[in-house]
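Below: one structure, written as C-alpha cells.
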Amino acid sequence: MAADAAAVALVNRALEEDLAQGVDVTSVATVPDDAAGSATLVARADGVVAGLDLVAEVYRQVDERVTVERIAADGDRVTRGDVVARVDGPLRAILTGERTALNLVTHLSGVATATRAHVDAVAGTGCAVRDTRKTTPGMRLLEKAAVRAGGGVNHRVGLFDGLLVKDNHVVAAGSVTAATRAALDAADGLPVQVEVDDLDQLREAIDAGARDVLLDNFTPDLVRQAVTIVRALESVHGRILLEASGTLRLDTVREYAEAGVDRVSVGAITHSAPQLDLALDIQPTR
C-alpha cells in the first residue's frame, strides 16, 4: 500500500471514531450552518513537523470546501509560535476535523522530532539513524515517512522486503551458521541482515556469508571490539555493514556511533516519541 493510500484509509478510520457516520453534534448546536472561519496550525514547542498532508486529507474527507495552505513543509524545523498551516472554510467543518487532524500531525511530528534529535546527536560520525518495525499498527508507512522527514533512514518496511535473522530464527534453525546460510539461499535478491548477540556469533555469521550484521544489545566497548574484528575480516570478505541496536538512548547513541558502526537502529523514535505540541487557533469570519 502506498503512503497516500495508507493516509486516506487511516483518516477515514479516525473520522469514523469521532463521528460514527454521524455529525459533530456540539458544532451543529453552537455554530450557524453558514458560518465561515479560518484557523492557524501553530507550534507550541520547538521541533520538526511531519504529517501535514494528513491535515489536508482530514479536511478533504470532512468537507471539500475547506482549504489547507501549508506554510511549512514536512521536515522543517519550527520554533514555538511558528504558523505551519492555515485552514479556511465552513467553521463547523473546521471544528469537526480539528482533533483528528491534531492527533495525527502531533504524533507524526513527534516522530520526526525524536528522529532529528538522534540524527543531530550522531552528526559528523557518518553513522545513519534507522527505524525499526516497532510502529503503531496501521501507521507504519506514515511513521516511516516521518522518520525520513526527521533525517532518519528506513529499515525494511515489513516481513516481505528483507530478511532479518533474529535470535529465535537461530534457535529454530539450530545455529547462526544454519540460519544465515538458509536466509542467504532463500533471499532471491532481497537484503539479508543477521542479528548476533556476542562476538563469537559475529565471527560465525560472517564465516557463514553474512555481510550485514546487527549487533544486538552490545555495550559500546563490545561494539568497538566488533568493529575492530570486522574491519580486519574485510580484507578477506569484502565490505561488511555493522549496525548497533537494542537499548540505545539519546544520551548514549553518539557513543555507539563513534564506536564505528555504519548505522544505529532506534525503536524509540517511533514507539516512544512524545507528541509535538501543535494547536489549531480558530477565528470566525462571519
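Values for this structure:
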read-out	value
Which numbered condition Ile269 misses (of (1) closer than 21 Å to Lys144 by Cα; (2) open to solvent by 20 Å² or more (accessible area, probe 1.4 Å); (3) out of contact with any strand residue (DSSP E or B) (no Cβ under 7 Å at 6 or more places or on another chain); (4) not hydroxyl-bearing (Ser, Thr, Tyr))	(2)
Pick from region 211-226, criterion part of a helix (DSSP H, G or I) and of a type in the set (A, V, I, L, M, F, W, C), ranking: most open to solvent (accessible area, probe 1.4 Å)	Leu222
Subset of region 257-271 [touching a residue at least 60 places away in the same chain (Cβ under 8 Å) and not basic (Lys, Arg)]	Ala257, Glu258, Val261, Asp262, Val264, Ser265, Val266, Gly267, Ala268, Ile269, Thr270, His271
Verdict on Arg203 being under 30 Å from Val119 (Cα atoms), assigned to a helix (DSSP H, G or I), open to solvent by 70 Å² or more (accessible area, probe 1.4 Å) and touching a residue at least 24 places away in the same chain (Cβ under 8 Å)	yes
Sole exception among (1) without any contact (Cβ under 8 Å) to a residue 60 or more places away in the chain; (2) part of a helix (DSSP H, G or I); (3) of a type in the set (Gly, Ala, Ser) for Gly89, by number	(2)
Region 100-126 residues that are within 10 Å of Gly152 (Cβ to Cβ), paired with ones that are crowded, with 24+ Cβ neighbours inside 10 Å and among the charged types (D, E, K, R) (beta carbon under 6 Å, 6 or more apart)	Val111/Glu143
Scan of region 239-261 for residues that are outside any loop (DSSP other than H, G, I, E, B) and open to solvent by less than 40 Å² (accessible area, probe 1.4 Å), ordered by number	Leu242, Glu243, Ala244, Ser245, Val253, Tyr256, Ala257
Candidates Asp88, Asp33, filtered to the one that is closer than 15 Å to Pro284 by Cβ and exposed (fewer than 13 other Cβ atoms within 10 Å of the Cβ)	Asp33
Matching option when the condition is among the hydroxyl-bearing types (Ser, Thr, Tyr) and part of a loop (DSSP other than H, G, I, E, B), among Thr96, Thr113, Thr132, Thr106	Thr132
Test: residue in region 166-188 that is part of a strand (DSSP E or B) and at pLDDT 95 or above	no
Scan of region 189-200 for residues that are of a type in the set (Asp, Glu) and assigned to a helix (DSSP H, G or I), ordered by number	Asp200
Number of the exception - Arg156 against (1) more than 30 Å from Asp198 (Cα to Cα); (2) open to solvent by 20 Å² or more (accessible area, probe 1.4 Å); (3) in contact with a strand residue (DSSP E or B) (Cβ under 9 Å, 6 or more places away or on another chain)	(1)
Hits in region 36-60 (condition: open to solvent by 30 Å² or more (accessible area, probe 1.4 Å) and closer than 20 Å to Met139 by Cβ)	Asp53, Arg60
Selection count where residues are part of a helix (DSSP H, G or I) and among the acidic types (Asp, Glu), scope region 8-56	4
Selection within region 166-178 - open to solvent by 10 Å² or more (accessible area, probe 1.4 Å) and not polar (S, T, N, Q)	Lys166, Asp167, His169, Val170, Val171, Ala172, Ala173, Gly174, Ala178
Ile229 vs. criteria open to solvent by 20 Å² or more (accessible area, probe 1.4 Å) and either within 27 Å of His107 (Cβ to Cβ) or modelled with pLDDT of 95 or more (or both)	yes
Index of the failed condition, Gly124 passing every other in (1) farther than 14 Å from Ser272 by Cβ; (2) open to solvent by less than 20 Å² (accessible area, probe 1.4 Å)	(2)
Count - residues of region 61-85 that are open to solvent by less than 20 Å² (accessible area, probe 1.4 Å) and in a strand (DSSP E or B)	3
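The values are calculated or read from the model by the stated rules, or taken from the named source; none is laboratory data. These figures come from a predicted structure and were not determined experimentally. Positions of Cβ are backbone-derived with ideal geometry, glycine not excepted, and every protein chain shown enters the neighbour counts. The protein model used for the area step is the full one, side chains on, heavy atoms only, and it has no ligands, DNA or RNA in it. Shrake-Rupley method; radii C 1.70, N 1.55, O 1.52, S 1.80 Å.
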